[in-house]
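Right, one structure below, let's go through it.
The values are calculated or read from the model by the stated rules, or taken from the named source; none is laboratory data. If you're wondering where the values come from, they're calculated on a predicted model, not measured in any experiment. Here the Cβ positions follow ideal geometry from the backbone for every residue, glycine too, while neighbour counts run over all protein chains shown.
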Amino acid sequence: MSQIIPLFKRMAVKEPSDNIGEGRLEKFFIFTISEKVFAIPAVDISEVAAYSSLIEIPHNSEIISGVVNVRGNIIPIVNLRKRLDLLPDYQITGKTKIIYFKAKQDFFIGMIVDDIDFRLTEGIILPKSNTNQIPNDKDIAEVVMEEKNTESHFPVFFIDNYIKQNEFSDLQKVLESF
């Protein structure tokens, strides 16, 4: 994938410590979807690219928008806007980007975002709850960031938390069809 994201990852990864999980200091990117702002750990992003047209595919999953071809690799694009209680349609602008993640199932997934701030910001993850269900605003971790003597709180976005197990199977089937 892109050369700039591995550089960000090296900058974001700190030396190993016993302080693993919630409460640890990490580097984040801030992105928006339909005016809702999220923080995402920099180490979770594989690449950020300009929006490119999606290839429509027949499917019966509510979260699969289509696929893109990235340097010969087919990557499914998920639409989590409904799951995040946002308007279901994208408004494609010059700021629209696709964020690529490597899911825990060991394949890449893309997601369209309205904008992303490429400045790495340090923050501390605070736990909200330990639920095994799809998170909502009340039960996801948040990150606290301090900048210029002000404190900001953002929900932390972990892609694997927003996709159900059967949807991972659907994404895998899409990949196998190519």
Inset, instruction - Would you check which residues across segment 89-104 are within 21 Å of Pro76 (Cβ to Cβ) and surrounded by 10 or more Cβ atoms within 10 Å (Cβ to Cβ) and list them? - result: Tyr90, Ile92, Thr96, Lys97, Ile98, Ile99, Tyr100, Phe101, Lys102, Ala103, Lys104
Inset, instruction - Output the residues belonging to segment 29-50 that are over 16 Å from Phe108 (Cα atoms) and either of a type in the set (Ser, Thr, Tyr) or part of a loop (DSSP other than H, G, I, E, B) (or both). - result: Thr32, Ser34, Glu35
Legend entry - Complete set of residues in segment 90-101 that are part of a loop (DSSP other than H, G, I, E, B) and either closer than 19 Å to Gly66 by Cβ or modelled with pLDDT under 85 (or both): Tyr90, Gln91, Ile92, Thr93, Thr96
Inset, instruction - Please work out which one of (1) surrounded by fewer than 18 Cβ atoms within 10 Å (Cβ to Cβ); (2) modelled with pLDDT of 90 or more; (3) closer than 30 Å to Phe178 by Cα; (4) touching a Pro at 6+ places or on another chain (Cβ under 9 Å) is the condition Ile57 fails and give its number. - result: (2)
Legend entry - Residue list for segment 60-76, restricted to those being surrounded by 19 or more Cβ atoms within 10 Å (Cβ to Cβ) and part of a strand (DSSP E or B): Ile64, Ser65, Val67, Val68, Ile75, Pro76
Legend entry - Answer residue from segment 105-122, given it is farther than 26 Å from Leu25 by Cβ and in contact with a Leu (Cβ under 7 Å, 6 or more places away or on another chain) and is surrounded by the most Cβ atoms within 10 Å (Cβ to Cβ) among those: Ile109
Inset, instruction - Only residues that are surrounded by 15 or more Cβ atoms within 10 Å (Cβ to Cβ) and modelled with pLDDT of 90 or more: list them for segment 44-53, please. - result: Ile45, Ser46, Glu47, Val48, Ala49, Tyr51
Inset, instruction - Report, by residue number, each residue of segment 147-178 that is more than 18 Å from Pro127 (Cβ to Cβ), touching a residue at least 12 places away in the same chain (Cβ under 8 Å) and outside any helix (DSSP H, G or I). - result: Glu147, Ile163, Lys164, Ser177, Phe178
Inset, instruction - Determine, yes or no, whether Asp139 is among the charged types (D, E, K, R) and modelled with pLDDT under 85. - result: yes
Inset, instruction - Out of Arg119, Arg81, report the one residue that is in a loop (DSSP other than H, G, I, E, B) and either modelled with pLDDT of 80 or more or basic (Lys, Arg) (or both). - result: Arg81
Legend entry - Search result, residues across segment 102-116 that are outside any strand (DSSP E or B) and touching a helix residue (DSSP H, G or I) at 6+ places or on another chain (Cβ under 7 Å): Ala103, Lys104, Gln105, Phe107
